[in-house]
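K.L.:
Below are the structure tokens for one structure; questions will follow.
The values are calculated or read from the model by the stated rules, or taken from the named source; none is laboratory data. Model, not experiment: these values are computed from the prediction. Cβ: placed from backbone, ideal geometry, glycine included. Neighbour counts: every protein chain shown. Side chains included, ligands, DNA and RNA excluded: accessible areas come from the protein's heavy atoms. Shrake-Rupley method; radii C 1.70, N 1.55, O 1.52, S 1.80 Å.
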Amino acid sequence: MLDEGSSSCVFQVYKPDLGVVAAKVMKKEDFNIKELQNIIKLSQESPNPFLLKYISANIYGENAVIIMEVCTVLLRRRKIFLCQQYEQS
């Protein structure tokens, strides 16, 4: 698991057609399709290196899964933070 919030978890996964990506899993009722459509539209209209690329979104039973690119900068920072936190304890 890469991250966990109050309503979702993000996993690093491997998909043969895409390589390593992030999968954000949340309850279906917390999934806002309008918000996702706006993000995708914004990223298509004006590509921005600071916005994650959203690849797909699907509903599986009671869960929604959003596939997006992995933000390696945040992963490095998180690993550094976790290491520093571990060293202090």
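K.L.:
Taking region 41-69 on its own, how many of its residues are within 14 Å of the chain's Cα centre (by Cα) and either under 20 Å from SER7 (Cβ atoms) or of a type in the set (Lys, Arg) (or both)?
P.N.:
11
K.L.:
Hey, another quick one. Inspect region 4-17 for any residue being in contact with a helix residue (DSSP H, G or I) (Cβ under 8 Å, 6 or more places away or on another chain), free of Cβ contacts under 8 Å to residues at least 40 places away in the same chain, open to solvent by less than 50 Å² (accessible area, probe 1.4 Å) and among the polar types (S, T, N, Q) and give the result as yes or no.
P.N.:
yes
K.L.:
List every residue pair whose Cβ atoms lie under 7 Å apart, where the two residues are 6 or more positions apart in sequence or sit on different chains, the first residue falls within region 45-62 and is under 20 Å from ASN32 (Cα atoms), and the second residue, located anywhere, is among the basic types (Lys, Arg) and in a strand (DSSP E or B).
P.N.:
Close Cβ pairs satisfying both conditions: GLU62/LYS27.
K.L.:
Something else about it: Could you tell me which residue of region 39-54 is modelled with the lowest pLDDT, considering only residues that are under 12 Å from ALA22 (Cβ atoms) and in a loop (DSSP other than H, G, I, E, B)?
P.N.:
Out of the qualifying residues, it is LEU52.
K.L.:
Right, here's the next one. Looking only at region 18-36, count how many residues are more than 16 Å from GLU69 (Cα to Cα) and open to solvent by 70 Å² or more (accessible area, probe 1.4 Å).
P.N.:
If we filter region 18-36 for residues that are more than 16 Å from GLU69 (Cα to Cα), which is where we start, we get 26-35.
Then drop every residue that is not open to solvent by 70 Å² or more (accessible area, probe 1.4 Å), which leaves 27-30, 32-35.
Qualifying residue count for the region: 8.
K.L.:
For region 18-32, how many residues are in contact (Cβ under 8 Å) with a residue 12 or more places away in the chain and of a type in the set (Asp, Glu)? Walk me through how you get there before you give the answer.
P.N.:
Step one: filter region 18-32 for residues in contact (Cβ under 8 Å) with a residue 12 or more places away in the chain, giving 18, 20-28, 30-31.
Keeping just the survivors that are of a type in the set (Asp, Glu) gives 30.
Selection size over region 18-32: 1.
K.L.:
Can you tell me which residues in region 55-73 are over 14 Å from LYS15 (Cβ atoms), open to solvent by less than 100 Å² (accessible area, probe 1.4 Å) and either modelled with pLDDT under 85 or hydroxyl-bearing (Ser, Thr, Tyr) (or both)?
P.N.:
CYS71, THR72, VAL73
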